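Below: the structure, in structure tokens.
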Amino acid sequence: MIPFELHVPTSVDEALDLLERFGEDARPIAGGTALVLLMQQRLVRPEHLVSLGQVRELQGIEAGNGTLRIGALSPHRSIETSGVVRSGWPLLAETYRRVATVRIRNVATIGGGLAHADPNQDPPAALIALDARVGIAGKHGRRELPVEELFTGYYETCLEPGEIVTHVSISRPPRPIRYAYLKFLPRTADDYATVAVAVALDVDDGRCRDARIALNAAGPTPIRAHAAEDLLKGQALQPELLRSAAATVPAIVDPISDSRGSANYKRRMAEVFTRRALEQALA
Amino acid sequence: MSVHVRFQVNGEVHELDAPDSRLLIDTIRYDLGLTGTKLGCGVGVCGACTVLADGKMVSSCLMLTAMADGSEITTIEGLAHDGELAPIQKGFIKYGGFQCGICTPGQILAAHALLQDNPRPSEDEIKEWMMGNLCRCTGYYKIIESIDRTAAGEV
Ligand SMILES: Cc1cc2nc3c(=O)[nH]c(=O)nc-3n(C[C@H](O)[C@H](O)[C@H](O)COP(=O)(O)OP(=O)(O)OC[C@H]3O[C@@H](n4cnc5c(N)ncnc54)[C@H](O)[C@@H]3O)c2cc1C
């Protein structure tokens, strides 16, 4: 690892000051599970690391007024085991549980995961299916935007230099939703997905009021399956319709060939797993 | 550039100056001489470098020493007390979970953390928790049995 200097601010403002002062030579660090590896491989070489670990404002999981707020520093494991999350947003708890192993989830944070923006990660599809928003702070102020708009490419986000993720917020759906997160793991249980699908359906009396479907590991960013959603909305959810909706997916995904499968195989599996996720959500 | 770190390791307070980039595993092995913690894959997958930080298992190969400032670290050397092995260590010996010395320290610390979190885990819960600790002797059945029997108090 290239030598660097570590800074440990205790407030968001102090962290933003440090990031501004050192500019391109600085990086925030949360759990370090992604960044330490990138630094060891010398893919990134920051001269200053700004540790967020002591910033109180970024910690904790709370639900009030029907909105869940998860601080950026929350470890994956704390989301998976939170009683509030499990009862109000079970899709989220179940998705975080599918990330890597308990040992990694003890350390990896929600904010670090989003900023890392590897399209093979698990949480983004579920967050998008739940219409989650991400809170961002920078020297020029604070903003919130849909998680869906955060990702711009492989390992790329719309975070401006010097900005940090502060939290994720999710409204409670007006009615309990039907949901599923399916992670296709043909190799080992702790692997990244070959493809993965999150679905959230608002179903009333067998008819679909609203549908949100998103895929991971299927392109340079998480991908929202708008065409499939549109086919389902307002319709009775018959098996044939689920098949037709899933059949729209191969045309919108853009996977790469790698050790987890060829692009063609992943495109086919994206369809199969979308259909299965819909079926599982309704079962 | 270095950072002053103060933490407990196996109940003993240590203060040292570590280069900012020093990994926890290197501090544990080379500065403190606790060589029970092994470096396997070096990328957080295999679990050989597992230690407990404030009771939670972490990969010491992915953690900067500076990030452990103020925490309580437990390594495999810290489980026995006054020469008496911890129940999970006895369980690994009695039921054959102890195979070679590479993955065993991490396996035992992970199993210890599991039983602290969930004193009577089901077989599925054992598998889910332990899946991040790889054994290339492929002796998982014995490891699962060792944990299950220890949880049952049969050590
Ligand atoms: C062995 C292993 C297996 C894995 N398997 C999976 C898997 O199956 N599924 C999956 O989804 N993921 C997996 N991951 C990836 C894991 O989810 C990420 O490493 C983790 O989420 C990153 O979080 P962190 O807190 O450790 O971030 P860090 O490593 O601290 O930071 C990651 C990046 O985000 C930036 N950053 C951190 N916090 C903030 C912030 N608040 N605001 C702005 N930028 C920030 C850093 O500068 C860096 O660029 C795996 C990782 C490992 C090591």
*asked:* Which of the numbered conditions does A:LEU37 fail, given that it passes all the others? Conditions: (1) within 11 Å of chain B (Cβ to nearest Cβ); (2) within 22 Å of the chain's Cα centre (by Cα); (3) buried (at least 18 other Cβ atoms within 10 Å of the Cβ); (4) on the phi < 0 side of the Ramachandran plot.
replied: (3)
*All but one of (1) modelled with pLDDT under 95; (2) crowded, with 24+ Cβ neighbours inside 10 Å hold for A:THR109, so report the exception by its number.*
(1)
*So A:PRO176 fits all but one of (1) touching a residue at least 24 places away in the same chain (Cβ under 8 Å); (2) surrounded by fewer than 23 Cβ atoms within 10 Å (Cβ to Cβ); (3) closer than 24 Å to A:SER87 by Cβ; what number is the exception?*
(1)
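To keep it simple, each residue is scored yes or no on (1) within 15 Å of the ligand (Cβ to nearest atom); (2) in contact with a Phe, Trp or Tyr (Cβ under 9 Å, 6 or more places away or on another chain); (3) at pLDDT below 95.
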position	(1), (2), (3)
A:PRO146	no, no, no
A:THR152	yes, no, no
A:TYR155	yes, no, no
A:ARG175	no, no, yes
A:LEU182	yes, yes, no
A:LEU185	yes, yes, no
A:VAL197	yes, yes, no
A:VAL203	no, no, no
*So which helices (runs of 4 or more DSSP H) are wholly in region B:48-155 and hold at least 2 residues that are more than 11 Å from every other protein chain (Cβ to nearest Cβ) and either in contact (Cβ under 8 Å) with a residue 24 or more places away in the chain or of a type in the set (Phe, Trp, Tyr) (or both)?*
B:87-94, B:104-117, B:140-151
*So which of A:ARG45, A:ARG27 is within 14 Å of another protein chain (Cβ to nearest Cβ), within 11 Å of the ligand (Cβ to nearest atom) and of a type in the set (Lys, Arg)?*
A:ARG27
*Among the candidates A:ALA115, A:ALA137, which residue alone is surrounded by 14 or more Cβ atoms within 10 Å (Cβ to Cβ), at pLDDT 95 or above, near the ligand (Cβ under 10 Å from one of its atoms) and not in a strand (DSSP E or B)?*
A:ALA115
*Out of (1) under 22 Å from A:LEU215 (Cβ atoms); (2) crowded, with 24+ Cβ neighbours inside 10 Å, what's the single condition that is false for A:ARG103?*
(1)
*Could you grab me the full set of residues in region B:1-47 that are surrounded by 15 or more Cβ atoms within 10 Å (Cβ to Cβ), part of a strand (DSSP E or B) and within 12 Å of chain A (Cβ to nearest Cβ)?*
B:SER2, B:VAL3, B:VAL5, B:ALA18, B:PRO19, B:LEU23
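The values are calculated or read from the model by the stated rules, or taken from the named source; none is laboratory data. Just so it is clear, the structure is predicted and the values come from calculations on it, not from any experiment. With ideal geometry, Cβ positions are generated from the backbone for all residues, glycine too; neighbour counts draw on all protein chains shown.
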